[in-house]
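Participant: Here it is, the structure in full.
A short reminder: the numbers here are calculations on the coordinates, not readings from a lab. A quick note: this is a predicted structure, and the numbers were derived from the prediction, not measured. Here the Cβ positions follow ideal geometry from the backbone for every residue, glycine too, while neighbour counts run over all protein chains shown.
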Amino acid sequence: MKRIVLAVASVMTLAGLPVVASAQLSGNVALTSNYKFRGQDQDVSKDKTVKPALQGGFDYAFSNGFYVGNWNSSVDWLENNSLETDVYGGFKGDLGNGLTYDVGALAYLYSGAGSANTGELYGALTWTAFTLKYSHTVSKKYFGVEDGRHTGYLNLAYAQEIAPKLTLKAAVGYTRFSNDAKDNGAVRYFDYGVGLGYDLGEGFAVAGGLYGGNKRDSYPGVNKNRFIVTVSKTL
């Protein structure tokens, strides 16, 4: 995790951030029928479509483009742990002609199951409705997978309002395990999702869609297609 701390500090330095800067605090809370991460169920205790997870977090967005935040979710795929805690920081900027960028670092933490802790650096470009994002593992393990350092995840997402308050969302991603992890049996795979989100007003929103992944023989159950419904509130 020291790599993550150093990466965040480097972003702050490059951005020329002062010690004190104006910032806006926002929060979020959500209840989802099934928490999937990169196409995989995060509750493996039962093979059911509905495996509810409670989620929430907060963000500080600074006026100069820097941001820090925390996000949490209930999970059930590790012994002695039922909570995922994400801590991240980064910098967003405008490249002109409708193109924006986002770079940063993120740590996934699992109390009581430290062997699953994972650190990543990421970079993203957004143009109109499309976002292309790449995340690169800098920790020794990738969510418990040995020799996971240098595993990469590439994701292309699309989000476009197709009617007042109604947004179409679609994405496809690819997890490319490091060569060492692949040699030890880790299987590279694609994930995908498509759905709709509706703004209910007053910060409330509801979303529903189909999500899953391929290579299901290598990942029994967890890559299975799921129809997921999420109700959220922005604070």
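Participant: What is the spread of the Cα atoms of the stretch 98-235 along each of their three principal axes, largest first, in whole Å?
Facilitator: 49, 34, 29
Participant: I'd like the distance separating the alpha-carbon centroids of the stretch 17-82 and the stretch 109-165, in whole Å.
Facilitator: With the stretch 17-82 and the stretch 109-165 each reduced to a Cα centre, they are spaced 13 Å.
Participant: Same structure again: Please identify every one of the trypsin sites (Lys or Arg not before Pro) in the stretch 155-194 that sits in a loop by DSSP and has no more than 13 other beta carbons within 10 Å of its own beta carbon.
Facilitator: When the trypsin sites (Lys or Arg not before Pro) of the stretch 155-194 are filtered for loop state and at most 13 Cβ neighbours within 10 Å, Lys165 remain.
Participant: So how far apart, in nm, are the two label points at Phe130 and Tyr101 if each is 7 Å from Cα heading toward Cβ?
Facilitator: With each label point 7 Å from Cα toward Cβ, the separation is 1.8 nm.
Participant: Can you tell me the dipole magnitude for the chain around its Cα centre, using point charges on the Cβ only (Lys, Arg +1; Asp, Glu -1), in Debye to the nearest 20?
Facilitator: Dipole magnitude for the chain comes out near 340 debye.
Participant: Here's a follow-up. Could you state the orientation-averaged shadow area of the convex hull built on the Cα atoms of the chain, in nm² to one decimal?
Facilitator: So the Cα hull casts an average projection of 13.3 nm².
Participant: Something else now. Relative contact order for the stretch 2-234 using alpha-carbon pairs under 8 Å, separation at least 6, rounded to a whole percent?
Facilitator: Normalised by residue count, the contact order of the stretch 2-234 is 16 percent.
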